[in-house]
Amino acid sequence: MSDVFHALAAPARRAILDELHERDGQTLYELCTRLTMKHDLEMSRQAISQHLDVLEAAGLITTRRDGRYKFHYLDTGPLRAIVERWRVPDPEE
């Protein structure tokens, strides 16, 4: 779980997750373009790739290769686990 909190600590990684939430299944090139245009994040492809590695290690994204392209997908499972850990039980349940 500490990997998830570490991954969420960086604003650039949160922006990447926002972009994948808006449009899932993007390539590195697409993410770089959207981060530059929408979030004014001027980062190299290598820097964004390193952020993607951290997000993948934390289980917040998954990837799929199709030929020479690698597509990135949001995985909210680890976030749901955090919410469930501290969820206050509903007294009517």
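The values are calculated or read from the model by the stated rules, or taken from the named source; none is laboratory data. As the structure is a prediction and not an experimental result, all values here were calculated from the model. Cβ sites come from the backbone with ideal geometry, for glycine too, and all protein chains shown count toward neighbours.
The table below gives the values:
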{"item": "Hits in the range 17-38 - residues which are in contact (Cβ under 8 Å) with a residue 40 or more places away in the chain and not in a loop (DSSP other than H, G, I, E, B)", "result": "17, 20, 21, 26, 28, 31"}
{"item": "Selection count where residues are of a type outside the set (Val, Ile, Thr), buried (at least 16 other Cβ atoms within 10 Å of the Cβ) and closer than 22 Å to residue 66 by Cβ, scope the range 31-52", "result": "6"}
{"item": "Among (1) modelled with pLDDT of 95 or more; (2) under 12 Å from the mean Cα position of the chain (by Cα), the one test that residue 47 misses", "result": "(2)"}
{"item": "Meets criteria (loosely packed, with under 13 Cβ neighbours inside 10 Å, closer than 20 Å to residue 10 by Cβ and more than 16 Å from the chain's Cα centre (by Cα)) for residue 84", "result": "no"}
{"item": "The range 53-66, subset of a type outside the set (Val, Ile, Thr) and within 13 Å of residue 6 (Cα to Cα), residue surrounded by the fewest Cβ atoms within 10 Å (Cβ to Cβ)", "result": "53"}
{"item": "Extreme residue, nearest to residue 11 (Cα to Cα), among residues of the range 59-81 that are of a type in the set (A, V, I, L, M, F, W, C) and more than 9 Å from the chain's Cα centre (by Cα)", "result": "79"}
